[in-house]
Amino acid sequence: MRMNGRAYEAIKARLDRRPACDLYHSGLEVFVPEGRYVIEMTPVVDERGRERGVVAEGPVGARCAGRFRIFRYELRRWLDGVIPDISEAVDSPRRLSSDLSYAQRLLDLVPQVPMLVWGRDEAGAGEMWNSNSMISWLIVRTGLDVDSIKPPAGGRAPGWNAGVLEATRVSAVVAVSTRS
């Protein structure tokens, strides 16, 4: 995965006529009285997703490919879960809030994350949908300050803006329909 990310960024940087950046992948740890939840998107590894707190699955690459496990990802809301690459985290963790109501709202929103095609721009944001998209979507929909979160200097989080755009779009639709 790391090699694929470097290759992707090298190509994308060349197309954008800019220097290559370090790429970052987002995940969340949410602390509530019953314990610590991990919110993360990963490839589907087997049919025992409930053991890992899987709340939804989505397709990778193309909607029609999603019928095969190798072309699906899972969204986890995993009590006492594990982030396998947490030891490689840079410039983190970052506390977004100490307010329990935000934590509970975020956990409640996880099953509502749009399961768009990973690696595609279904949101029309000019970038692909991925784990960063899901995390930024949750942060926006929870009401936390998404603009305060930036990748470390020299890095970028592809997909972040796709999640922000999709969450804002959903919020605008909800706001319009409640005024009717």
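The values are calculated or read from the model by the stated rules, or taken from the named source; none is laboratory data. It should be emphasised that the depicted structure is a prediction, and the values quoted were computed from it without experimental measurement. We place every Cβ from the backbone using ideal geometry, glycine too, and count neighbours over all the protein chains shown.
Here's the yes/no breakdown for (1) within 17 Å of PRO111 (Cβ to Cβ); (2) surrounded by fewer than 21 Cβ atoms within 10 Å (Cβ to Cβ); (3) at pLDDT 95 or above:
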{"site": "SER133", "(1), (2), (3)": "yes, no, yes"}
{"site": "TRP137", "(1), (2), (3)": "yes, no, yes"}
{"site": "SER148", "(1), (2), (3)": "no, yes, no"}
{"site": "ASN161", "(1), (2), (3)": "no, yes, no"}
{"site": "SER171", "(1), (2), (3)": "no, yes, no"}
{"site": "VAL174", "(1), (2), (3)": "yes, yes, no"}
{"site": "SER177", "(1), (2), (3)": "no, yes, no"}
Screening ALA56, ALA62 for residues that are over 20 Å from SER136 (Cα atoms) and aliphatic (A, V, I, L, M) leaves only ALA62
Within the stretch 70-85, residues being surrounded by 13 or more Cβ atoms within 10 Å (Cβ to Cβ) and either aromatic (Phe, Trp, Tyr) or over 21 Å from GLN112 (Cα atoms) (or both) number 4
Filtering the stretch 10-48 for residues that are of a type in the set (D, E, K, R), in contact (Cβ under 8 Å) with a residue 24 or more places away in the chain and over 16 Å from ARG77 (Cα atoms) leaves a count of 2
Residues in the stretch 62-89 that are within 17 Å of LEU106 (Cα to Cα) and small (Gly, Ala, Ser) total 1
